[in-house]
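Worksheet: one structure, shown below.
Where a number appears in this text, it was derived from the coordinates with a stated rule and is not lab data. Everything quoted here is computed from the prediction, not taken from an experiment. So basically every Cβ, Gly included, is an ideal-geometry build from the backbone, and we count neighbours across all protein chains shown.
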Amino acid sequence: MPDRTAYPERSEMEAVLDHFERSARSYLDVVDERPVLDPRAAETAARFHVGLPERGTGAAAALEELYTEGLAATATTSGPRFFHWVTGGSTPAAMGADWLTGLLDQQGYAWLGSPLAVELELVTLDWLKELFGLPGGWAGVTVTGASMANFVGLAAARQWWGERHGVDVSEDGLAGLPAMPVLSGGYIHASAVKVLAMLGVGRAQVDRHMRDAIGRVDLSSMEGRLKELDGAPAVIVAVAGEVNAGDFDPIDEMADLAAEYGAWLHVDGAFGLFAAVSPRTRSLVAGVGRARSVTVDGHKWLNVPYDSGYAFVHDKGLLARAFAYTARYLADPDDPRPNMGGLGPESSRRARSLAVWATLRAYGREGYRMLVESHLDLAKELADRVDAAPDLARLADVPLNVVCFRYDPGGLGEDELDRLNERLAERIFEDGRVAAGATTYGGRVALRPTIVNWRTRSRDVAFFVDVVRELAASLRAV
């Protein structure tokens with residue numbers, strides 16, 4: 001412990017740079033083989049629960065403590081064997097740009113705060129529209145992820161819906177208006193439902209039209225409801241890539257309904273919008289350009305660092321009205337220089353655009369087509385390995401990058417199989433070598449590994465299947 005209180009000094013930076021380089025090299029040397037979870041994680045994290053120190057240790061000592069003593073409490077979500085959430089790693093270009101972002105400490109609220117950050121945001125949003133085949137004239141904004149992207153898209157929908165009733169709901173609120181109808185199939189994501197609560201629309205307003213226990217949309221039922229509304233404005237939510245099996249709502253047909261009945265179509269494409277990148281899967285998102293709002297995540301298949309997501313809306317004016325934000329010291333909304341903070345929910349905005357620009361500049365359209373198609377191939381390989389295993393049973397087709405299956409050794413009833421697979425999911429995380437959690441698909445408990453990290457290779461898929469079967473067999477032996 002130093003004799004004096006540590007205080008930031010410029011002389012510390014050399015030690016910080018040295019420590020960062022050593023830590024980065026140390027981590028990157030092992031990330032491909034590192035377990036997803038260390039059995040010591042909880043114990044290690046608990047050691048950091050101490051009171052605020054009176055005297056600081058200085059930057060170098062604090063960083064050394066954080067890395068050497070804290071690493072065991074981190075999950076290797078950046079590695080190739082994390083198949084649980086749809087989480088990509090950071091490409092080399094994105095990682096390097098993110099380090100630069102931290103160094104420069106840029107904010108992306110308005111052009112005056114960082115001309116580079118704002119201009120790169122506009123450039124990358126245009127590039128992403130090209131990549132996904134969205135109309136070039138649409139407005140876009142970068143946010144933290146799919147949840148806030150849904151917030152932006154559905155806030156624009158709410159603004160449109162209010163204006164159809166003659167009310168600026170962002171200015172005057174929802175009081176006195178009828179409930180906003182929100183129609184979906186069973187694939188609607190929990191984040192979209194959460195967003196409706198945040199927007200004051202309410203979770204209970206989601207009207208799910210399903211034709212089976214899987215959640216596939218019933219278009220006839222949805223059309224019947226639209227007819228009942230008799231011209232009143234409504235919002236339709238379609239999902240491109242649902243989380244349990246990677247299935248897609250029929251976007252083009254839902255766009256037909258929206259066009260016929262004057263509804264707003266919102267497409268949640270958190271990871272499934274990347275189907276547009278490959279000719280092999282592009283048909284899955286047919287009609288997406290006919291929507292009025294579309295969302296997608298960057299820290300999923302784009303493989304940029306957490307956190308990064310994007311919302312695209314056909315009418316910039318709706319965003320400007322929904323997120324109007326003025327103060328004397330802020331950029332004027334009429335300033336010709338872009339004010340991105342006035343098009344989305346966040347005013348404090350990290351310059352996420354540097355990492356997005358760097359990875360798209362580094363690898364381009366062709367690089368991302370290759371990335372997506374390599375994962376399509378790996379998903380097929382995983383499905384083939386599941387199909388070949390006598391004690392595994394695949395529950396769904398694999399249209400994209402999610403393989404839904406369960407352990408089934410034979411001779412067990414459905415309730416026993418559900419309990420066994422719940423325990424298997426728990427055991428996978430206890431073991432820590434790989435990660436894939438449980439879900440419920442068509443009323444049956446299953447695993448849903450998703451392949452989305454640029455580091456993942458065939459050997460990781462094979463390793464995953466071997467570990468799952470090993471752990472499942474050990475549970476049966478107890």
A student applying the Cα gyration tensor rule (rounded when a/c is under 1.5; otherwise prolate if a/b is larger than b/c, oblate if not) would label the stretch 112-158 oblate
So what's the gap between the Cα centers of the stretch 198-253 and the stretch 261-299, to the nearest angstrom? 15
Going by the alpha-carbon gyration tensor, a ≥ b ≥ c the square roots of its eigenvalues, is the stretch 337-381 rounded (a/c under 1.5) or, if a/c is not under 1.5, prolate (a/b greater than b/c) versus oblate? prolate
Want the number for Met370 to Glu414: 0.36 nm per residue separation, take away the alpha-carbon distance, what's left? 11.8 nm
Shape call for the stretch 95-360, from the Cα gyration tensor axes a ≥ b ≥ c (a/c under 1.5 means rounded, otherwise prolate when a/b beats b/c, else oblate), comes out oblate
Packing-based exposure ordering (other Cβ within 10 Å, fewest first) of Asp334, Asp105, Asp247, Asp252: Asp334, Asp105, Asp252, Asp247
Projected area, mean over directions - the stretch 1-75, Cα convex hull, nm²: 5.8
Explain nothing, just the number: dipole magnitude of the chain about its Cα centre with +1 on each Lys and Arg Cβ and -1 on each Asp and Glu Cβ, in debye rounded to the nearest 20. 240
Could you state the number of Å between the C-alpha centres of the stretch 347-401 and the stretch 101-176? 25
How much FRET efficiency would the formula 1/(1 + (r/R0)^6) give for Asp207 and Thr74, where r is the Cβ-Cβ distance and R0 is 45 Å, rounded to 0.05? 0.65
Lysines near Lys316 by alpha-carbon distance under 22 Å, same-chain residues fewer than 8 away left out - which ones? Lys129
Would you work out which of Ser348, Asn303, Leu330 lies farthest towards the positive end of the dipole of the stretch 273-372? Charges go on Cβ: Lys and Arg +1, Asp and Glu -1. Asn303
Of all chymotrypsin sites (Phe, Trp or Tyr not before Pro) in the stretch 237-334, the ones in DSSP coil with at most 10 other Cβ atoms within 10 Å are Tyr329
Looking at the chain only, what percent of DSSP beta bridges run antiparallel? Nearest 5 please. 60
Modelled label-to-label distance, Val31 and Asp126, 7 Å Cα→beta-carbon offset: nm? 3.1
Helix-only estimate, please: 222 nm mean residue ellipticity of the chain, summing -39500 (n - 2.57) across DSSP H runs of length 4 or more and dividing by its residues, to the nearest 500. -14000 deg cm²/dmol
Apply the Debye scattering formula to the chain, with a single equal point scatterer on each alpha-carbon and no solvent, then give log10 I(q)/I(0) at q = 0.11 Å⁻¹. -1.00
Built amide H within the under 5 Å cut-off of Asp207, gap 5+: Val182, Leu183, Ser184
Extreme residue, positive dipole direction of the chain, given options Leu447, Leu66, Met198 (C-beta unit charges): Leu447
Between Asp377 and Leu116, what FRET efficiency comes out of the Förster formula 1/(1 + (r/R0)^6) with R0 = 25 Å and r the beta carbon distance, rounded to 0.05? 0.10
What full-extension length gain, to one decimal in nm, is calculated for Ala190 and Arg47 as 0.36 nm per residue of separation minus the Cα-Cα distance? 48.1 nm
Qualifying GluC sites (Glu not before Pro) in the stretch 15-74, DSSP loop, other Cβ atoms within 10 Å at most 10: Glu54
Counting other beta carbons within 10 Å of each residue's own, what order do Glu470, Glu119 fall into, fewest first? Glu470, Glu119
Would you mind ranking Thr456, Thr326, Thr439, Thr124 by Cβ crowding within 10 Å, fewest neighbours first? Thr326, Thr439, Thr456, Thr124
Could you give the length gained on full extension between Ala362 and Ala462, defined as 0.36 nm per residue of separation minus the Cα-Cα distance, in nm? 33.0 nm
Within the stretch 1-41, which trypsin sites (Lys or Arg not before Pro) sit in a loop by DSSP and count at most 13 neighbouring Cβ atoms inside 10 Å? Arg4, Arg10, Arg40
Expressed in nanometres to one decimal, the distance between label points 7 Å along Cα→Cβ at Ser23 and Asp334 is 4.9
